[in-house]
Amino acid sequence: MTSNSGLNDGYVYREQIEAGAGRTALAYLTDTYRHSSEAEWRARFLRGEVQLDGVTATGEEVLRARQVLCWHRPPWQEGETPDSFELVHEDETLLAVIKPSGLPTIPSGGFLKNTLLSFVRKRWPEASALHRLGRATSGLVLFSRTREAAARLSRDWREGSVEKRYRALSEGLATQEHYEIRAPIGLVPHPLLGSVHGATPQGKASSSSARVLERRAGQTLFEVHIHTGRPEQIRIHLAFIGHPLAGDPLFAAGGLPREHSPGLPGDGGYLLHAETLAFTHPLTGERLRLHAPPPPGLRTTEG
């Protein structure tokens, strides 16, 4: 099923000024948020949608450190998404669900109501997502239902005691059976967004293990175990070793955005699935291992 609801309620994007001090509000927003042109930002100022320290701004204000800049985005029609998910685990402290491809985990990239978080909270209003999957990625997402569970599992996530295994279909035939990938991940240039995450020596330490499950005509099916949780880690790391995800519009071999007309991080077209989550239950101390069967395109020929 897909969701095709009406307008959402709009949203206030709020930030405190740090690096933008000394520039005009218009110049800062235009240079920082390149998804919109200067003319589009100027029109938002003219419509009174932008405020600086609670006062409607013109765009000509010279920003000072610690001022608060807000864009009151009017309600908008969101893109269609799936509107269902599968429940795989429920108890008084935790939920685990299978997210379909095409559904954002949390509000981002133009989606506010059509998100997994929004749909889960219709049934469990107290739920909080403990991690996120990219919009095109399918598979297991874990939610906490209490603050105590959130705190303990967030700590386990940081300390690396949560096991996370994925399946991914990549371009090219792998020459090895196993890869240990350590490429640091940080911000790199992107022509539309200014920057996105990619492989860069200046990035944060990152670690993945990739094992070949099957080779196909010009493609390799990998099982990937991620030991850190950097943004877009699997897409970047497999691209770094020369095997970007098949159909990925953003990353090229090497782990950087494609040279000509790279896509956006939320764009789909590839197959990536969070298959296994194993963790210590925050209340019982039991080790849980949850599984989400891979979609057809990520199954081996033997099943």
Q: Grab the eigenvalues of the alpha-carbon gyration tensor for segment 1-136, scale each by 5, take roots, and send me the semi-axes largest first in whole angstrom.
A: 35, 16, 13
Q: Report P(r) for segment 84-206: all Cα-Cα distances, bin width 5 Å, range 0 to the bin holding the largest distance, values in whole percent.
A: 2, 9, 15, 18, 19, 17, 12, 7, 2, 0
Q.
So with the 1.4 Å probe, I'd like the accessible area per residue for segment 1-85, rounded to whole Å².
A. 59 Å²
Q: Return the tail of the calculated pair distribution for segment 4-72, meaning the percent of Cα-Cα pairs more than 15 Å apart.
A: 50 percent
Q.
With +1 assigned to the C-beta of every Lys and Arg and -1 to the C-beta of every Asp and Glu, and no other charges, what is the dipole magnitude of segment 143-275 about the Cα centre in debye, to the nearest 20?
A. 380 debye
Q. Where does each of Val55, Val224 land when they are ordered by accessible area, with a 1.4 Å probe and the largest first?
A. Val55, Val224
Q | Cβ charges +1 (Lys, Arg) and -1 (Asp, Glu), total dipole of the chain, debye | A | 280 debye
Q: Calculate what fraction, in whole %, of the accessible area of the chain sits on carbon and sulfur atoms when a 1.4 Å probe is rolled over the protein chains.
A: 52 percent
Q.
So with the 1.4 Å probe, I'd like the accessible area per residue for segment 192-303, rounded to whole Å².
A. 45 Å²
Q | GluC sites (Glu not before Pro) restricted to DSSP loop in segment 210-266 with at most 12 other C-beta within 10 Å | A | Glu259
**Q.** Largest-first principal axis extents of the Cα set of segment 197-303 (Å)
**A.** 51, 38, 22
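List nothing, just return the count: lysine pairs in the chain, 8 or more apart or interchain, with Cα separation under 22 Å. Working shown, then result.
Values: Lys99/Lys113; Lys99/Lys122; Lys99/Lys164; Lys113/Lys122; Lys164/Lys204.
Within the chain, the lysine pair count is 5.
What percent does the relative contact order of the chain come to when contacts are Cα pairs within less than 8 Å and at least six residues apart?
Relative contact order comes out at 15 percent.
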(Q) Kirkwood Rh over alpha-carbon pairs of segment 259-298, then Stokes-Einstein at 25 °C and 0.890 mPa s: what D in µm² s⁻¹, rounded to an integer? (A) 183 µm²/s
Q) In segment 135-202, what GluC sites (Glu not before Pro) fall in a loop by DSSP, with at most 13 other Cβ atoms inside 10 Å? A) Glu177
Q | When the chain is reduced to its Cα atoms, the Kirkwood hydrodynamic radius in Å | A | 21.1 Å
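The values are calculated or read from the model by the stated rules, or taken from the named source; none is laboratory data. This one's a predicted model, so the numbers in the text were calculated from it and none came from an experiment. Note that each Cβ is placed from the backbone with ideal geometry, even for glycine, and that neighbours are counted across all protein chains shown. To get the accessible areas, we keep the full protein, side chains included, count just its heavy atoms, and leave off ligands, DNA and RNA. Shrake-Rupley method; radii C 1.70, N 1.55, O 1.52, S 1.80 Å.
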